[in-house]
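J.: Below you'll find the structure I mean.
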Amino acid sequence: MTAQRMSIACLGAGRMGRGIAVAFAYAGHPVTLIDVKDGRSGEQFEELKAETLGEVKSTLASLARFGLMQGSDADAVMAKVKVVSSGQSAEALATAGLVFEGVPEVVELKRAVLRAASRQVAPGVVIASTTSTILVDDLSGAIAHPQRFLNVHWLNPAYLIPLVEVSPGAATDPAVVARVKALLEDIGKVPVICAATPGFIVPRIQALAMNEAARMVEEGVASAEDIDKAIRYGFGFRYAVLGLLEFIDWGGGDILYYASRYLEGALGSERYRAPEVILRNMREGRIGLRTGAGFLDYSDLDIEAYRERRLAAMVDMLRHFALARPPVLDKD
């Protein structure tokens, strides 16, 4: 997939399709956004086309302002993106090397669009849904040759956020997963593989965090402004450097266990209960950095050098937030 700049087709010209188009066009791939809505008049399609290309152009202009590209390059990137009507879908799909479905989160609508598209592309062409809520195997039955189908969940804005969650179905060929992962890496994304499960990785974690933040406002724990400040300068600050599981290992799984037990009792809620894997790791001596293993394996790692790298990255975060200051020294 990375040997040449293949043609990308996006089923649907909405927000997700537009973001994916920018990401691939920026990386040199021609992209066709296909309006899949039947019954749209010619005038209505031209309005959609103008709106879509206008948003892509505006996005590229912002990337130039942010220093990610030269303003003079925007036209060349823009030229790689086109929008076609549903009546032109067969021609667009015939030349596509990879197809992304990005229509609204309605199972039957997605299945209908995917069923039609899978019959218009060659059997070996990979088809990916971008659904954020529907399990891949709830859609795969609509696909001709389902071994080439999987879910590729982008986070908005798709052209900026590096992470992409790749979720294969029961029939997905592992070689297809590897090809998609390699392509995403080639355009500068950071793909992760996850099982077909509701919420994938990020939405599942962030739903808990967002609900807890809202609950604290409801309970009067702190103002919305202070809770968000705590997230930016505490929670987000640390987890921009250390992953959640890496942070458990950093402090020790036993610390999480005892903190969880206290919170469960003090707040009277099972939502703070530590999962069984924490107890199992403790029984097996997999506490984290202190024992050389936790969720991650540190046995062959220079722990002090590792700590130094992570702390240096936190100092970089201080500089990012303009919070790094020199020491205050007494003058004689």
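J.: List the aspartates and glutamates whose Cα sits under 12 Å from the Cα of LYS181, skipping any in the same chain fewer than 8 residues away.
T.: Within the straight-line limit of under 12 Å, LYS181 reaches these aspartates and glutamates: GLU165.
J.: Another question, if that's okay. Give me the percent of DSSP beta bridges within the chain that run antiparallel, rounded to the nearest 5.
T.: In the chain, DSSP labels about 25 percent of beta bridges as antiparallel.
J.: By the scheme Lys and Arg +1, Asp and Glu -1, what is the net charge of all other residues having a beta-carbon under 14 Å from that of ASP173?
T.: After counting each charged neighbour, the total is +3.
J.: Continuing with the same structure: Show me the ranking of peptides 105-113, 221-229 by mean Cβ neighbours inside 10 Å, starting with the highest.
T.: 105-113, 221-229
J.: Neighbour counts of other C-beta atoms within 10 Å: give me PHE149, PHE45 arranged from fewest to most.
T.: The most exposed by this proxy come first: PHE45, PHE149.
J.: Also: Express in nm, to one decimal, how much length is gained between ALA144 and TYR233 on full extension, taking 0.36 nm for each residue of separation and deducting their alpha carbon distance.
T.: 27.2 nm
J.: Which is farthest toward the positive dipole end of the chain among MET216, ALA74, ALA240, measuring Cα position about the Cα centre, with Cβ charges +1 (Lys, Arg) and -1 (Asp, Glu)?
T.: Selected residue: ALA74.
J.: With each run of n ≥ 4 DSSP H residues scored as -39500 (n - 2.57), what mean residue ellipticity at 222 nm is computed for the chain after dividing by its residue count and rounding to the nearest 500 deg cm²/dmol?
T.: -14000 deg cm²/dmol
J.: Can I ask one more? Identify all lysines with a Cα-Cα distance to LYS57 below 18 Å; exclude those on the same chain that are fewer than 8 residues away in sequence.
T.: LYS49, LYS80, LYS82
J.: Still on this structure, I have one more. Can you give the FRET efficiency for MET6 and TYR258, using 1/(1 + (r/R0)^6), R0 = 56 Å, r = Cβ-Cβ distance, to the nearest 0.05?
T.: It comes to 0.60.
J.: Measure off 7 Å from each Cα along the Cα-to-Cβ vector at VAL277 and ALA94, then give the distance between these two points in nanometres to one decimal.
T.: So the label points at VAL277 and ALA94 sit 4.9 nm apart.
J.: Order by neighbour count: ILE287, ILE201, fewest other Cβ atoms within 10 Å first, most last.
T.: ILE201, ILE287
J.: Placing +1 at every Lys and Arg Cβ and -1 at every Asp and Glu Cβ, with all other atoms neutral, what dipole size does the chain have around its Cα centre, in debye to the nearest 20?
T.: 400 debye
J.: Still on this model: Any idea how far apart LEU267 and ARG290 come out in nm if each label point goes 7 Å out from Cα toward Cβ?
T.: Calculated label separation equals 2.4 nm.
J.: I need the calculated FRET efficiency for the pair LEU109 and ALA61, taking r as the beta carbon distance and R₀ as 35 Å, to the nearest 0.05.
T.: Taking R0 as 35 Å, the efficiency between LEU109 and ALA61 is 0.60.
J.: For the peptides 297-307, 9-19, what is the packing order when you average, over each peptide's residues, the other Cβ atoms within 10 Å and list the highest mean first?
T.: Top of the packing list down: 9-19, 297-307.
J.: Take each uninterrupted DSSP H stretch in the chain, measure its Cα extent along the helix axis, and return the ones at 24 Å or beyond whose mean Kyte-Doolittle hydropathy is at least -0.5.
T.: Answer set is 42-65, 202-219, 303-320.
J.: What's the local net charge at ILE227, with K and R +1, D and E -1, over the other residues with C-beta under 15 Å away?
T.: Combined, the nearby Lys, Arg, Asp and Glu give -3.
J.: With an 8 Å cut-off on Cα pairs and a minimum separation of 6 or more residues, tell me the relative contact order of the chain in percent.
T.: In percent, rounded to a whole number, it is 12.
J.: Find the centroid of the Cα atoms in segment 224-245 and in segment 70-105, then give the distance between the two in whole Å.
T.: 37 Å
J.: Using alpha-carbon positions, what is the distance between the centroids of segment 137-164 and segment 1-60, in Å?
T.: 16 Å
Read-outs throughout are calculated quantities, based only on the coordinates presented, and are distinct from any laboratory measurement. Keep in mind the model is a prediction, meaning the values are calculated, not measured. Neighbour counts run over all protein chains shown; Cβ positions are idealised from the backbone, glycine included.
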